[in-house]
Amino acid sequence: MKRKIIRIDEEACTGCALCIPNCPEGAIQVIDGKARLVSDLMCDGLGACLGHCPEGAITIEEREAEAYDEAQVMANIVKQGANTIKAHLNHLRDHGQTDYFEQAKGYLMKHGIEIPSDAPAADVLHAHAGGGCPGSRSMSFAPGQAGEAAAVQPSQLTHWPIQLHLISPDAPQYAKADVLLAADCVAFSLGQFHTEYLKGKALAIACPKLDSGKEIYLEKLRSLVDDSLINTLTVMIMQVPCCGGLLELAKQAAASAKRKIPLKYIVVSLQGGILAEEWV
């Protein structure tokens, strides 16, 4: 079958092993000094390991591969203890993989293995646990919740994470959403960022000058269009020349996508004014 699965660039990989604790299925191992996919059966293609490779050696591709096998994954995971089991269940819930989630719990019950008491329930969205960074935990905020702690101006941010390396296009907050892709500095320059531009949109942020792994960005943006079925993409950049790279990435991703969506760009001045706002 043809499906999404990770690809590891052997030439770029340094064997640092930072990706391994961020693969909840245990599908990656360092062999002969290089990170390698142990088996197609163990990779669900959701990309939890993306963004954790300092060399940008891990990407998602679509190719012929054996179907993901939750039973085989669980057989491997249970050997590693309760924390790993909980991390895997969290991972499945984060990405809305209800069927796999139920299969995993069914496997545990069938083999008489105790389900961790603090493992997620089927109807609750939980964050990654275990080896992942706490800052990359996926969270959605209820309407109004984002601004409860703000005394003057409520926040319009509805989810976490937002950094483009950390987000998953499969996260529910991006499904059929209007997406705002903003350069890192935009929100600091534009006083009305939350009220006029972020409200009602799912957010991702990036810096085209300082961030590495641009090919990962291209794939994630393409996946937002083709797989998350986003409605529109708005790119907000600063007036400085280097910021134009983010718009170019968005244009390339949109051009490579099978679906065609409305794409708009907005240029913000250093003093917080709007210099340009056009549909591409």
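The values are calculated or read from the model by the stated rules, or taken from the named source; none is laboratory data. Just so it is clear, the model here is predicted, and its values are computed rather than measured. Positions of Cβ are generated from backbone atoms using ideal geometry, with glycine treated the same way; all protein chains shown enter the neighbour counts.
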Residues located in the range 228-280, provided they are touching a residue at least 60 places away in the same chain (Cβ under 8 Å) and closer than 24 Å to Ile216 by Cα: Cys243, Leu246, Ala250, Ile266
Which listed residue is in contact with a Phe, Trp or Tyr (Cβ under 8 Å, 6 or more places away or on another chain), among the hydrophobic types (A, V, I, L, M, F, W, C), buried (at least 16 other Cβ atoms within 10 Å of the Cβ) and over 21 Å from Leu46 (Cβ atoms), from Leu233, Leu224, Leu249: Leu249
Set Gln80, Gln72, Gln29: member being free of Cβ contacts under 8 Å to residues at least 24 places away in the same chain and not β-branched (Val, Ile, Thr): Gln29
Entirely in the range 173-265, the helices (runs of 4 or more DSSP H) that have 2 or more residues that are under 27 Å from Ile8 (Cα atoms), among the basic types (Lys, Arg) and at pLDDT below 95: 214-226
Lone qualifier among Ala67, Ala87 - being over 24 Å from Leu218 (Cβ atoms), in contact (Cβ under 8 Å) with a residue 24 or more places away in the chain, aliphatic (A, V, I, L, M) and assigned to a loop (DSSP other than H, G, I, E, B): Ala67
Subset of the range 156-172 (residues that are free of Cβ contacts under 8 Å to residues at least 40 places away in the same chain and either over 16 Å from the mean Cα position of the chain (by Cα) or in a loop (DSSP other than H, G, I, E, B) (or both)): Pro161
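Take Cys53 and tell me if it is assigned to a loop (DSSP other than H, G, I, E, B) and either under 18 Å from the mean Cα position of the chain (by Cα) or within 30 Å of His111 (Cβ to Cβ) (or both).
The answer is yes for Cys53.
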Qualifying positions in the range 35-50 - crowded, with 23+ Cβ neighbours inside 10 Å and either at positive phi or assigned by TED's automatic domain parsing to the domain that holds Asp170 (or both): Gly47
Pairs where the first residue, in the range 177-198, is closer than 18 Å to His159 by Cα and the second is among the aromatic types (Phe, Trp, Tyr), C-beta under 6 Å, 6+ apart: Ala187/Phe193
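Residue by residue, here is whether (1) at pLDDT 85 or above; (2) under 11 Å from Pro24 (Cβ atoms) holds:
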{"position": "Ala75", "(1), (2)": "yes, no"}
{"position": "Ile85", "(1), (2)": "yes, yes"}
{"position": "His91", "(1), (2)": "no, yes"}
{"position": "Glu102", "(1), (2)": "no, no"}
{"position": "Ser117", "(1), (2)": "no, no"}
{"position": "Pro120", "(1), (2)": "no, no"}
